[in-house]
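Notes for the one structure printed next.
Readers should treat all values here as calculations from the given coordinates under stated rules, not as data from a laboratory. As the structure is a computational prediction, the values presented were derived from the model and not from experiment. Here the Cβ is made from the backbone with ideal geometry for all residues, glycine too, and neighbour counts use every protein chain on show.
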There are 2 protein chains.
Amino acid sequence: MVMEMTEEMSVAGISDRLIAAMDRTGCNACVGLDPVLEKLPLAIDRTDPVHAIREFSLGVLESVAETVACLKLQSACYERYGAAGVGVIDELLALAASHKLPVILDAKRGDIGISAAHYAAAAFERSSPASWLTVNGYLGSETLEPYLEHGGIFVLVRTSNQGSAEFQSLRLDDGRTVSDAMADMVAALAAPRRNAAGWSDVGAVVGATHPSEAEQLRNRMPSVVLLVPGIGAQGGCVADCKPLCGADGHGAILTASRSVIYAPTQHGELWTEAVATAAKSLAHETGTMAGLR
Amino acid sequence: MVMEMTEEMSVAGISDRLIAAMDRTGCNACVGLDPVLEKLPLAIDRTDPVHAIREFSLGVLESVAETVACLKLQSACYERYGAAGVGVIDELLALAASHKLPVILDAKRGDIGISAAHYAAAAFERSSPASWLTVNGYLGSETLEPYLEHGGIFVLVRTSNQGSAEFQSLRLDDGRTVSDAMADMVAALAAPRRNAAGWSDVGAVVGATHPSEAEQLRNRMPSVVLLVPGIGAQGGCVADCKPLCGADGHGAILTASRSVIYAPTQHGELWTEAVATAAKSLAHETGTMAGLR
């Protein structure tokens, strides 16, 4: 009984910290940092790609850290530069920690047994750990449990890409879709791992580009915080996300990437100023919509 | 027409090289390199974990490189050590290239759009590229295509873990399982990308721990090379894999890990000698079964 309490408390701490960050910033906005060399501001010297990606990423992080509830790092954008790129992730995690900014490492990992434990270690046992990791549940819920000893997870349920229906919308013999079945697996994993407010350290990725389906998935996963990518450049709309946020406004993290990190500059302002302004605007819009300000 | 031919030829080169390696070694065996610090031979100094993992991995690779058809690197085992671990993957890929040994980077990646392209770059555009990458198709086949411009993929269809049935064996309204649907998606992706012998650069992961299901999946994916983990320590049996290998013996890659890389030493032999002996035994057994020797 005592052990159960301790486990529950340690686990609940992860969602508690995320929700505290939403309350502190008055928003449920997340900036997705997925830099592509060709799109960086002209002010950044691109001679050395890793140096350029590093300078840009640190600049974005500093510009948004006090404004939004969390940061999503797209691991692929750094991993493509090998060991040097992974080193940049370390720097970003350390800088985020100094701002007490929760970081979702968007690495979409998924493997069995000891390999899952290794991926958990890679995310949560580095010198400055990520708070959350995105994961793929195709291999079954047993493969998601190793992560939960050390951090939070967002399980891919319904992704924001155009072709996601090809597999995720297949219909099961009991009437559910494949996405629904994944959602039910996530809900079962989440239920015993809730904080005092009812939110779990098991979250789910549900794209903003399928609003009606997202709302139905919200209902299937009552204690699950939704990570909602696709706001802004991908076409997802903040107003459509209101039903996803729950009564207390903490039930969804709305993620915009390109519309913030590549925000156009005006009247000779610095690119970091444009990013900061775009982040403030996103925070205002999402916070007001969710009733957090 | 000319462009189509060129694309097909460049892509077919990947499966051609794998099949050439099977013919050169007379086997369809693969050694899975997934080192765990606690299990390394006592002869290896574990004071510095990354150094120990590096020394062990290079030793295994040298011991099996001329014996087996390919090597599978479990990315998680290296990634858990951050940038330094990723550097070890680079060294292993370079050493494998010097032996002309095809490498499957078992990283189980899966993401959308430009992120998929980044993961493809991380696997196939490094200084010594991997030949194949394991990927997760939950996000749909459009997310698998970016990899195919530069390398081969093995898509997770039916994994070898005990709990894989929870999701993968769910039944669709048309009678197929979720695994079957994934297999059909893989088969469709594979069909236009075949070499002269009929094998594609789109492969599939099908665990040896479910032999009857594996055989049925073989039939659903006629042009697809199967990557079959779970031989040896996980309980999969070489003889059960005969129906997976196809008429020419090239249709399956049988992967053993722990039973080879931690082979017990006898009469004071070096640990690398024990690994070499176990690899030869695996090559003999699989090669004879598949009719490749």
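Summary of values
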item: Reciprocal mean inverse distance between Cα atoms of the range B:2-288 - Kirkwood radius, Å; result: 19.0 Å
item: Order of B:Phe154, B:Phe124 - criterion: other Cβ atoms within 10 Å of each residue's Cβ, fewest first; result: B:Phe124, B:Phe154
item: Euclidean distance of C-alpha centroids, the range A:270-288 and the range A:33-103, integer Å; result: 17 Å
item: Span-rule helices in chain A, defined as complete DSSP H runs reaching 27 Å or more along the axis (Cα) with Kyte mean at least -0.5; result: A:2-25, A:271-290
item: Cα gyration tensor category, rounded, prolate or oblate, for the range B:73-112 with a/c compared to 1.5; result: oblate
item: Under 11 Å from the B:Ala94 label point (7 Å along Cα→beta-carbon), backbone N, the range B:114-131; result: B:127-128
item: Ellipsoid equivalent to the range A:134-293 - semi-axes via the Cα gyration tensor, in Å; result: 29, 18, 15
item: Other protein chain Cβ atoms within 10 Å, averaged over every residue that makes up A:84-92; result: 3
item: Euclidean distance between Cα centres, the range A:166-194 to the range A:110-125, Å; result: 23 Å
item: Average Cα contact separation per residue, chain A, under 8 Å, 6 or more apart, as relative contact order %; result: 22 percent
item: For peptides A:260-267, B:204-211, sequence by mean Cβ density within 10 Å, most packed first; result: B:204-211, A:260-267
item: Teacher prompt: B:Asp184 distances to equivalent labels in other copies, 7 Å Cα→Cβ, nm; result: 2.0
item: For A:His99, inter-copy label distances in nm, listed shortest first [label point 7 Å out on the Cα-Cβ vector]; result: 4.6
item: Beta bridges per DSSP with both ends in chain A, % antiparallel, nearest 5; result: 5 percent
item: Mean ellipticity per residue at 222 nm, deg cm²/dmol - from DSSP H runs of n ≥ 4 across the protein assembly as shown, formula -39500 (n - 2.57); result: -13500 deg cm²/dmol
item: Cβ-based exposure ranking for A:His118, A:His99, B:His150, in which fewest neighbours within 10 Å come first; result: A:His99, B:His150, A:His118
item: Label spacing, shortest first and in nm, from A:Thr288 to its equivalents in the remaining copies (7 angstrom along Cα→Cβ); result: 7.7
item: Packing-based exposure ordering (other Cβ within 10 Å, fewest first) of B:Arg46, A:Arg54, B:Arg158; result: B:Arg46, A:Arg54, B:Arg158
item: Residues B:Glu142 and A:Asp184, FRET efficiency given R0 of 30 Å [Cβ-Cβ distance, rounded to 0.05]; result: 0.70
item: Normalised alpha carbon radius of gyration of the protein assembly as shown [divisor 2.2 N^0.38 Å]; result: 0.96
item: Cβ crowding within 10 Å averaged over residues, with A:170-178, A:214-222 ranked highest first; result: A:214-222, A:170-178
